[in-house]
1. Express in nm, to one decimal, how much length is gained between K220 and R28 on full extension, taking 0.36 nm for each residue of separation and deducting their alpha carbon distance.
2. Kindly provide the helix-only [θ] at 222 nm of the chain, computed as the sum of -39,500 (n - 2.57) over DSSP H runs of four or more divided by all residues, to the nearest 500 deg cm²/dmol?
3. Equivalent-ellipsoid semi-axes (√(5λ), Cα gyration tensor) for segment 197-330, whole Å, largest first?
4. Can you tell me the convex hull volume per residue for segment 250-313, based on C-alpha atoms, in Å³ to the nearest whole number?
5. At q = 0.17, 0.19 Å⁻¹, what log₁₀ I(q)/I(0) does a Debye calculation on the Cα points of segment 328-467 give, no solvent, two decimals?
6. Give me the angle, in degrees from 0 to 90, between the Cα long axis of helix 16-27 and the longest principal axis of the Cα atoms of the chain, rounded to the nearest 10.
7. What do you get for Rg/Rh of segment 38-159 when both radii come from the Cα atoms and Rh is the Kirkwood radius?
8. Quick one, what does Rg over Rh come out to for segment 283-340 if you take C-alpha atoms and the Kirkwood Rh?
Amino acid sequence: MHESLWCEVAVIGAGIAGLVLAHRLQRRGVDVRLFECSDRVGGTIGTQCWEGCTIEAGPFSVMPRSDEFAGLIGELGLNPKPGTPAGRTGRFVFTHGRLRRVPHGPLALLTTDLLTWAAKAALIRSVLRSPPPDTDPKSVTLHEFASRRLGPRAAECIVGPAALGIYGAPATDLLLDSCVPRIAKADRQARSLVGVLRKLKAERHLNGKAKPTERPAWAKSLITFPNGLSALPAALSRSLGDRLHLQSPASRLRRNHDGLAFETLNAAIHAKRLVVATGPRAAAAILRPICPEIADQTDRIRFASLAVVHLLFDQADLPDRPRGFGLLVRPNEPNMDPLLGVQIPGDIFPDQVPLGRVLLRAIVRDGSTANDKDLVQATLAAIGRTMTVNVASPVAANVIRWPDALPIYDVDHARAAERIQQQISVEPGIQLLTTLHGGLGINDRIVAAERIAGAMLKDSGSRSLRS
């Protein structure tokens, strides 16, 4: 028999965004409950122990670039573990058949073989003087921005691989305004890359953000936590106590005289307000009974499916491997599919990998047709073109698949996301907190959650929630 639960705000989805939102509302005295369909919190954040290694199912580190992230860490009493300097300097791109180091600083830019001398000259000219876009600013792609501000070769060999690794799609498809709206705004106003950077800095100070020198020392490098990134969602879940409901998939959403209602496996939930903080596909399914237009628009968006392939080697079997953060692959590089990039966690966080072993963390496209064994073999073949591998197979291999992991921020996404935002704005009591808006990374999701919490708490604390 179903029990009935009443609350002011129901949040569906205990990924990092849903956790932060529920935590912030509860801290301000709001009667909030958080519902998660699985048996754990964190969404794509998931730390595991495997073959003596600490591995991450999703992101394996964070660069704390938002004040909201730094503030949350302090508030929860967590102790970040900074990575080694190799996380900043040891970055490579496999392009035109060779592994090449990404320059770190002006002097390295002069000596790098990643760019030709003509490309270096074009980069210097573009940094000092390059025009704003001459087309509709909303249609500027990451590739167009990078070509105009950095030069075509830098766009191809630096920005292209980074975009593919971060967003799972080519820079030629990705809209600047969707991926990095602050940069897009500055790009429309500045006449050089230096001008873009100045406008970003001025906006930060205008918004009252702390200067970098005022932030904690650990916030200047890649970080994790002593037991992995799962420490963050675990701390948030502890703060919620019995307001968190696991194994509680939401269904049969409907309106009633009090606001909204839905059902889980063993309870009927009644709430004045609802925030859906799941993945976009799951959000569309939850909202379809009362917002079919949102579900239809979500169906028009392309998603990238990815897999994380962990490969553990004896140190002697990778004699000439790169040292540092890892490598990215230039888009359309021959014979490199499905590999997008490789990270080397033990070079950043040495205590995560046993002595004498090397852990390669490959990010690959996942067409979902290959079984795990075939995906590992294709990944090994591509890695073997970037470095010497002395053995036919690693000591151990592990595959974690993420179907429909990332919405692709292209033109179709921009149109659909705008319509979804318009539709949700006229639905009383419902808000969306998905990766369709606000960015993909941990920093982005925390900032998006804090903004929604701030809006809901506006006008004298939580008074607006009780009106």
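The values are calculated or read from the model by the stated rules, or taken from the named source; none is laboratory data. This structure is a prediction, so every number in the text was calculated from the model and none was measured. Here the Cβ is made from the backbone with ideal geometry for all residues, glycine too, and neighbour counts use every protein chain on show. Accessible surface areas use protein heavy atoms only, side chains included; no ligands, DNA or RNA. Shrake-Rupley method; radii C 1.70, N 1.55, O 1.52, S 1.80 Å.
1. Working: separation 192, 0.36 × 192 = 69.12 nm, distance 2.99 nm.
My answer for the length gained is 66.1 nm.
2. Mean residue ellipticity, 222 nm, calculated: -10000 deg cm²/dmol.
3. Result for segment 197-330: semi-axes of 39, 25, 21 Å.
4. On the way: hull volume 7.3 nm³, N = 64.
It is 114 Å³ per residue.
5. Calculated log10 I(q)/I(0) at the listed q: -1.05, -1.19.
6. Its long axis makes an angle of about 40 degrees.
7. Numbers: Rg = 19.6 Å, Rh = 18.2 Å.
Taking Rg over the Kirkwood Rh, I get 1.08.
8. On the way: Rg = 20.1 Å, Rh = 16.0 Å.
For segment 283-340, the value is 1.26.
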